[in-house]
Every structure is written in C-alpha cells, then in structure tokens.
Amino acid sequence: MALVHTQNLSFAYPGKEKKTLDNVSLTIEKGEYVVLCGRSGSGKTTLLRHLKSVLTPNGRRSGGVCFDGRPLSDLNAGEQARRIGFVMQSTEDQLVTDEVWHELAFGLESLGMDENTMRLRVAEMASFFGMEGWFHRNVGELSGGQKQLLNLASILAMEPELLILDEPASQLDPIAAGNFLDTVRRVHQELGTTVIITEHRLEDIFPAADRVIVMEDGHIAAQGSPTAVSEALWRGRMPMFSALPTPIRAFWQAEGGGKPPLTVREGHRWLREAFPDRPEVAALPENVSRFSETDAAVCVRDIWFRYGRNAPDVLKGVTLTIPRGCLYAMVGGNGTGKSTLLKTLCGVCTPYRGRVQLFGRSLRHIPKGELYRGCVSMLPQDPRELFAHQTLREELEEMGADAERIRDIAALCRVEALLDAHPYDLSGGEQQRGALAKVLLTGPKLLLLDEPTKGMDSTFKAEFAALLRELTRRGTTVVLVSHDIEFCAEYADLVGMLFDGGLLTQDIPRRFFSRNSFYTTAAGRMSRGVFQNAVTAADVALLYMENKGGQE
Amino acid sequence: MERDVFSRCHPLTGFVYFFCAICFCAVVRHPMYLAAGFLAGLFYFLLLHGEAGMKKLPGMVPFLLVVAALNPVLNPRGETVLFTLFGRPYTLEALVYGVVLAGMLGTMLVWFGCFSTVLTGEKIVYLFAPIAPALSLVLVMTMRLIPSFQRKLARLAGARRCIGFGLEEQTRWRGKLRCGAALLASLTDWALEGSIITADAMRARGYGTGKRTHYRAYRLSARDGMLLGLTLGLSTAAVTFGGMQAEFLPSVSMERPGWGLAVYCLLLALPVLAWGKEELQWRWCIRRI
Amino acid sequence: MNRKLFLCTLALTVLLPLTLLLGSRLPGRWYYLTATALLLEGMVPFFLSFESRRPQARDICTIAVLSALAVAARTVVVIPGYRPTMAVVMIAGIALGPESGFITGAVAALASNFFYSQGPWTPWQMMSYGLGGFLAGVLVPRLFPGKRSWELALFGFVCILTVVGPVLDASTLFTVSSRLSLSYAAAVFAAGLPFNLRHGFAVGLTLWLAGRPLLSRLERIRRKYGILSRDNN
C-alpha cells in the first residue's frame, strides 16, 4: 500500500524559468527503503522537501502529493510533524536546545505530549541509540557523528511512519558516516519505518536499498532494484554511473556477464570465480614518481607540536619531503594530526622542535606579509569560512588583485557566471570553487587543502581534480588531507599516511594502496589475492578485460 | 559540584534558597549577621570551587576597599570626626558604615558566585520554561550558540589568516578593527544561514503547532520538600525573631542579637551543613561495607 | 495590544507603587532590593508581549542568533575594554523592531552572565541592554530613515552615554551607596563617565564599521526566509 504518492509534480523557484522538478510521479510503498540519488542540483532536495509541507519552498507548483491516501495539505501541521520525520545535512544547525535530553524531548514538547508518554519515548530512544552515557551532556561536547545520531533520535522519538534523510552523512567522516547509515538501516529493519534517503557516498546504502530512484534535471531518469538501476545507468551512459559503488562500476566497465556485485564481498567473489587460477596479467605497470627528490616544495624535519603546555603531543617527529609541482595527498584516521600538520605548513601552528622549510627557505624566516602573499595559502574545510562579503565579486576584489587577474582566476575556477551571486546562495561545489578562486588570488606556490571533497558529488570531484591537475601543471604544489581514499587513489601523485603523529609511509598511490590490506580503496580490497595493484574501479576493469581477452 | 546537595536538587529548591539568602544579604546591616553571612558564603564558595575559588576572591578586594573608604567622603554625617577632607568632615561612624557596606557587597558577590555555580543556565531555563516558553527557548538557544560562535570565530580567524588577513599581523588599531569587522560580518552570514536551518528543524518537529508541554528532567523529592521547608521556615523565623537592626549614622547603635542570629546562621549554613551530613553518611556507609 | 497585556499593564500600575511602598518600609538599605524589584516588574510587559504574540520559529532563531552574536562579538577584537555587544543589540532593534530589540538585549545580558558570573548587576544589565535595543528600534527609523553609517554611529554613542551607561551606573549606585544622596549619585555617575565614554566609543565605532553590512545581511535573510518558507500558521 502506497505511503507517499506524487502525481505529475512540477516546481520552479521564484524568478527561475527552469523547472527544478519536472513532472515527477512517484509512489513509495509502506516499509520500503528507498535510495534517491542524483547529481547536485538534480532536484533531490526539492523533491524531498515537497513531502513535508512546512519545509516546502515557495514557487510555482503543479501536481500534488498524497500521504497515506490523503492529500498532504489535508494533514495538519501537528500530524505531519508526528508522522513525517526529516533529517537534514547539517549536524550542528539542526540542534535546537543545549542538552541531549532536552533535544530528544523537543519534538514531543512541541506536540504537547503528556508527561508520562514523553518520558517513555525519550527513554526508549536513549536506549535504542545507546545514549544513556551522554543523556545529560551538553550538545556542544558531542562529536559530529553523535550530533547527527541525536538529530535522528530526536526525530524518531516522535515515531514517524516516514523517515526522510537528506544527505545525512555527508558532513561526517567515513567511520561516523558508516555508523550513522548502519543505524538508519537498523531503524528500518527493526522498527519497519519507511525510509527515503539521499547520499553522495552510495557504498553504504546502495546495496541494501529496496529501490533506487535516479533523478536527473528534475525528472526521474531511472528506478528499480539496485541491479537494474546500475544496468540502466551503464547502458544509458548517464553521469550518475560514476557515483555508483566501486564493485558495480568495475563490473560494468569490465563488461562482465551475469548479476553485478553490489558489495566488496560480492565483488571479490566475482573476481575469484572469473579467475580461479592466478590471472596471467596480475599487475599494472607502475610508473615511477616523476618528481625529483632534490627540488622540494616542502621539507619537514622531525617536527613536534602540541596545542598547550600540558596537552598531549599531536605531531611526534614528522619528517616529510614533498616535491615541487606534485599533488600530494595525506591520509589517515581521525586525530592522527593531519589538519595540524597542514597548519604547521602554513605557519599557523609553530612546532616546538624541528624545522619546516618551504622552497628551500626556513618558514620562520619568511616575513608574514610575504608568506601569505605568493608563497602558501590554505583552503579551509568549510569554504564558507573565507566569505565575508555580499557577492562573490567583492570577495575576489577583497584580495587586492587587478581586474584582469581576477578574470583569469575566475575563468580557471569556472566561477565567471557566478560573480554577482551571494556566496551563500551557491551550491556546495560552487562555494568550493569560489573559495578556491579567492585563495588562488594570493598567488600561492604551495596550496593546502583541508578535506576538499567533503560533501561533493562524484561529478564535482572529477571537475575539482581536473582543476587541481591544471594548477600543478602550472607549477603549484598542492597538498591535501582527506578521508576520501578513493579520491586520493585516483588523482594524487603521491600519498602519505599519518598515524599517531608521525608519517608512516609515502608512495605513489598504486603502490601505496596495493600494499595496504585494510586501509585501502574498495577496488583494492575486492581484488586482493587476484590482482596485485588495482586500486580503482578502472584498474580492476582494465586487468579483467586484459586477462579475459587473453583467454579467448 | 557532584557533592553539593543543592546542585543535585530540583532547581526550584536551589532558586528559593538563594533568593532568600541573597535578599537577606542585600538588606541586613548588623555586623554580626553580616559576618555570619559572609563566612557561611565564603565557606560554601570555597567548597564549590576548590582551589580555583581561592584565586578568584582577591580580585574584588581593592574594589571593596574603595567602597569602604569612599563612604565618609560622600556621606559626611557622623559624630566622631577623624579629620577634614576638602572642608568636609571625615567621620569614624561613616567609615564603619563604609566597611559594613563593603562587607555587604562582598557577601552578595560571594553568594552570587555560589548561585551561578549551583543554578546553571539550563536549570534557570527549566524553572521558567512553563511560565515563559518562548523566552526560555530563546535563552536556551543563545546559550548553545555562544560557545559555538566562539569556536567558529577562532576557525574564521584562522582561515582568514591563511589568506593574509590575520588579526595577529595587524599592528595598528585601524587594521585590527577592519579585520574584526570582516570577521563579524563573516560570522553573521554563517550564523544567520544556520538559523534558517534551525528554524526549519524546529518547524519540522512541530514547533508552533499547539501548546507546548515540558519534559520534566527533575522531580521534587522528599529531600527537596525538607530543604524547601527548612529554607522558608528559617527565613520566617529569622524575620520574626528580629534583632538584626543596626544604625551607623550619626552614631553607631545596634540591637542585641538573640535567637534570631542562631536561626540566621542556621539558614545560611544550610548548604554547608547538608554537605557535611552527606559526607558523614558516606563515611558511615563505607565503614559498614 | 491584547487583553492579557492590558491586564498586565493594569496589574503593574498597582504593583509598582505597592512595591515602592512596601520596599521603602524595609529596614536599612531598602533601596537596592526595591529598585531591583521595580526593575524586574518593569521588564515583565516586554516579556509578556513577546510571549503573547506567539513568536514563530524564525523569530526565535533570529533573536537567539543575534543575542549570541552580541555576546560572542566581545571576543572578535581583543582590545582591552572594547565591548561591541550593544552595537549588535542595536542592529537587532533596528532590523527586527523595538520589542525584539529589547528581548535581544535582555537575553544577551542574561546569557553572558551565565558564562561569566551572575551578580547584583544582572537585572540592571538586562534592563539597560534591553532599553538600548528598544530605543534603537523606536528612534533610528524615525530620526535616521537613511541609516547612514555615521548616523548609526552617532546614535550608538549618544544612546550609550545617556541611557545604557547611566542605567548600569544606577545599579552601582544602589549597591554601593550608604544612602541615596545627590553627592553619591554625582560621584557614581562621574566615576562611570570614562567607562561610558569608552563603551560608547566602541559601540559607535562598531556601528560605523559593521552597522550597515549587518543590516543588509539581516535584510537578505528576511527575504530568504520569505522564499524558503510558506507561512501556514
């Protein structure tokens, strides 16, 4: 029986010609787990917001939405608040109150629930989520993952029939994201709640979906089981294909037959069955690093750093050389000192022992005025932290460059068309490019990026990587720290891994990720024991085709 | 604070107690009562804050000395003239009164210090939420946002520093102020954008759909009843017994304190006594184990 | 004005003189308690009218954000004695109206005292900050409809010097004086003048530099709220 039904729903924002939603007809059954995917700007969020009246944006609209057989507008605000739960992307801003118990109770208080029921519901939620330990904590003390779990729990306390999640894990690190999405699945399985979820990282949710709906330019481009959708995306050469989990992409790119593997485990089995014996060509050629060790952009020798006199050491003797003109990726878990290392490279944190050299000069001896003008610059994790003006043009003009240079950089970052927009009205990817343009106007020889791919969809990632490539081609050295090992494996020249405040190892991605057995890409894990150094879906597909071609 | 009794009580108990205590401290001028109030408050303050409290106290001493010394200058009444200043008499009585005033002020500050620690913001909000739901919600959100904004400010300053707009690099006030204004603008944009999401989240959870109820995180227990009863009983007794009048100008005269003083001491030492009782109970329990 | 508010005003017209009458019969230093009680009663109509208009989520969020900004603004520029809090409160008053301005100021004062320490000054600070926001909301749109930077700065400076500062000084007067006399008042206000000048200067400067940018940001967010959400209540 249908829980949600939209009939020829079309929508356009005020002042916009283009329809954000174009004739969307959709039915979602009770108890389904539906994954809604699509590129940024494909209308996913707008569609989801149409399923709850208080969140529906203003604009021109036609068509209708039914919930449980009644038009959505017939349900009053209280009923909608109770029956339809909506979790958004931002971990911090969704919180209303300052203590965990109060946050859990907030929705119930708003609905005017009586005290005994409220106590019971809150207690139930706290136990279901294992929150007893932090029930009386201040929300400011929680980690991002805990905050998002709290957001979920405080929605679930109202016992909604439909749970809508709009990119809930995109601001979390991979471990917290995995934990959160597992919890959502547990909610679906144990409570039978109907779930509609969108997410850029599909690895965790795609295989388990009852149904996948793909949106493109405001209309539904494909829908069905994960297998069917992946086939449709591949056959239709649709851009969303690049966002699918690695095993599926490798399978279709290798033109494998049968049912595509959805998880790493299935992918591994697929390769095992395809190559019961050792394949003829097990390794791809490893191109040696084309960078000379002598011409170093960054030279760090045995640096130690701590944030306070009695604080623990964050960096414990890091020694590192980054060649000029390379795209260097620093990976590692949470709290291993990645971001702190970046801060020492740009002089915000000063190590208490050891030395840092940039382009052969000691960092300490470069005057501050010169350091951030033409030497080093950093793009923070949240690009919005650089914005302080009302239009992107003013942002760029703030940097004091002449009009021609602003035009050049804007063209390079492809933000010319966005110059008159307010920075906060841009999409996440556009904000990233705008902030990058601002940073590039300082003319850095060394560009530092902190988690640049957080919350980016796969298309944006490819574009962003191309932009970074162009910069390194022009001679800029780019250093990024990231949790996104798939991105690092695909695009970096060199990868280093930090652990416990020290550099563990550093190598070209192919060698780096093929040596690791756990901390590696999905392709690396699924091809373990079959291929030696396949680290991306394309690598796996290439080796597969080469061997299969040889056999026939 | 885990060992303080009032910190673990219902906020109402603490609120009523501190209301009574601070009202007495603001009005009573009798030196003996004053000394009792100050010592009880000081003892409680140090119990609550430990070593850190020791460092906080000396800061208010110069201010109190100024208050004490200044009173005779501004209030020239009094019989015993010590000397004349700017042609006005500087009298002993006025100086004594000045010292008493300073003592009252010090007592109030100490008691307010205890109040701030025991009745944290969320407890005050909890107390007033049923009376003023919207206002207390504003207060709750503000108190959540302040530390979050301060953290964000640090991040913003760091981010701007890395593109050459660091506050640290500015030596002139003009530059500092311009940097500060840009930071404030940046923070405002971010904060207001976040407020849209918060407002959405509130409405998505049914805010404004009807009359709000309130989750009761605290319950009035028998102990709360006892403490409340003691507070109100002792306060009434102290007022009825009286004996807390004192006059300083033009001459010093004060009532003989009787039972009133004992009751008053008991009232103001209540938190310390309750603390002590629990300590003893623990000792006793541990010995039995 | 609704009925509840009317009744409240009526109650206050009885309550205020009654407090004064009873308070003055307290022994000794009656005036601190009495004045504070009068002050708290004086704030009640503002709070009540805020409650009774049943503010929407967006109003609550905007006021909370501005109050928190006002408090956090103190840490923006670390120059000793530089307190830009009132500048943000006044901006709130101008952008959101006198009533919201009052609430923003009062909440900012109360909340910041939770982070530092409560004291005998808390109610007075609430009242003076609230009044600053209220007056900005009432006067600025009438006196300076252009809202030019220097006009905002001038208003801020004058308002601190004539209203906000003196109300804060009054709290000192009531807490430290041995009796209410002209010489005491003169001494306290004279001692407060340098502080008020510095405070007014900081607020004026902040309004001059950041006033218009902040106002345009609030204006933008108001438009954005309009686009994003339909009012169904």
Förster radius 22 Å - calculated FRET efficiency between A:Asp295 and A:Arg355, Cβ distance, rounded to 0.05: 0.75
Prolate/oblate/rounded label for chain C (Cα gyration tensor, a/c 1.5): oblate
With label points set 7 Å from each Cα along the Cα-to-Cβ direction at A:Ser225 and A:Glu370, the distance between them in nm comes to 6.7 nm
Which value at 222 nm does the protein assembly as shown reach when only helices count, each DSSP H run of 4 or more adding -39,500 (n - 2.57), with the total divided by all residues and rounded to the nearest 500 deg cm²/dmol? -17500 deg cm²/dmol
The FRET efficiency for B:Val239 and B:Arg174, from their Cβ-Cβ distance with R0 = 51 Å and rounded to 0.05, is 0.30
Give me the one-decimal nm value for the distance between modelled label points at B:Glu255 and A:Arg473, 7 Å along each residue's Cα-to-Cβ direction. 9.3 nm
Which entries in A:Lys18/A:Lys44; A:Lys316/A:Lys445; A:Lys368/B:Lys152; A:Lys19/A:Lys44 show an alpha-carbon gap greater than 18 Å? A:Lys316/A:Lys445; A:Lys368/B:Lys152
Fully extended, how many nm does the chain gain between A:Leu120 and A:Glu190 (0.36 nm per residue separation, minus their Cα-Cα distance)? 23.4 nm
Where in region B:89-110 is the amide nitrogen less than 13 Å from a point lying 7 Å along the Cα-to-Cβ axis of B:Val81? B:89-92
Helix A:264-274 versus the longest principal axis of chain A: what is the Cα-based angle in degrees, 0 to 90, to the nearest 10? 70 degrees
Please give the length that would be gained between C:Thr9 and C:Ser183 if that part of the chain were fully extended, namely 0.36 nm times their separation in residues minus their C-alpha to C-alpha distance (nm, one decimal). 59.2 nm
Using the count of nearby Cβ atoms within 10 Å as a rough guide to exposure, how do C:Leu18, B:Leu64 rank from fewest to most? C:Leu18, B:Leu64
Nearest 10, in degrees from 0 to 90: the angle of helix C:85-96 to the longest Cα principal axis of chain C is 60 degrees
Most exposed to least, judged by fewest other Cβ atoms within 10 Å, B:Cys265, B:Cys285, B:Cys162 sort to B:Cys285, B:Cys265, B:Cys162
Per-residue mean of C-beta atoms belonging to partner chains within 10 Å, peptide A:304-314: 0
Inverting the mean 1/r over all pairs of different Cα atoms, compute the Kirkwood radius of region A:309-427 and quote it in Å. 17.1 Å
Could you list the trypsin sites (Lys or Arg not before Pro) in region B:1-96 that lie in coil according to DSSP, counting only those with at most 12 other Cβ atoms within 10 Å of their Cβ? B:Arg3
What list do you get for C:Lys147, A:Lys18 if you sort them by fewest beta carbons within 10 Å? A:Lys18, C:Lys147
Gyration tensor on Cα atoms of chain B, a ≥ b ≥ c root eigenvalues, a/c under 1.5 rounded, else prolate if a/b beats b/c, else oblate, says oblate
How crowded by other chains is C:98-105, given as the mean number of beta carbons from other chains within 10 Å of each beta carbon? 1
How do C:41-50, A:96-105, A:359-368 rank on mean C-beta neighbours within 10 Å, highest first? A:96-105, C:41-50, A:359-368
Shielding by partners, peptide B:163-170 (average Cβ within 10 angstrom, other chains): 6
Antiparallel DSSP beta bridges within the protein assembly as shown, percent to nearest 5: 55 percent
Reported to two decimal places, what Rg/Rh ratio describes the protein assembly as shown when computed on Cα atoms with Rh from the Kirkwood expression? 1.02
With a ≥ b ≥ c taken as the square roots of the eigenvalues of the C-alpha gyration tensor of chain A, please select rounded if a/c is under 1.5 and otherwise prolate if a/b is larger than b/c or oblate if it is not? prolate
Given 10 °C and 1.306 mPa s, compute D for region B:132-204 with the Stokes-Einstein relation, Rh being the Kirkwood radius over Cα pairs; round to the nearest whole µm²/s. 114 µm²/s
What nm distance separates the two modelled labels at B:Ile131 and A:Val281, each placed 7 Å from Cα along Cα→Cβ? 8.1 nm
Between A:Arg269 and A:Arg237, what is the FRET efficiency for a Förster distance of 35 Å, r being their Cβ-Cβ separation, to the nearest 0.05? 0.80
Would you mind checking the tilt of helix A:144-156 against the longest principal axis of the Cα atoms of chain A, expressed as 0 to 90 degrees and rounded to 10? 10 degrees
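Laboratory data are not the source of any read-out in this text; all were calculated from the coordinates shown. Bear in mind the structure is a predicted one, so any value in this text is a computation, not a measurement. Cβ atoms come from the backbone with ideal geometry, glycine included; neighbour counts cover every protein chain shown.
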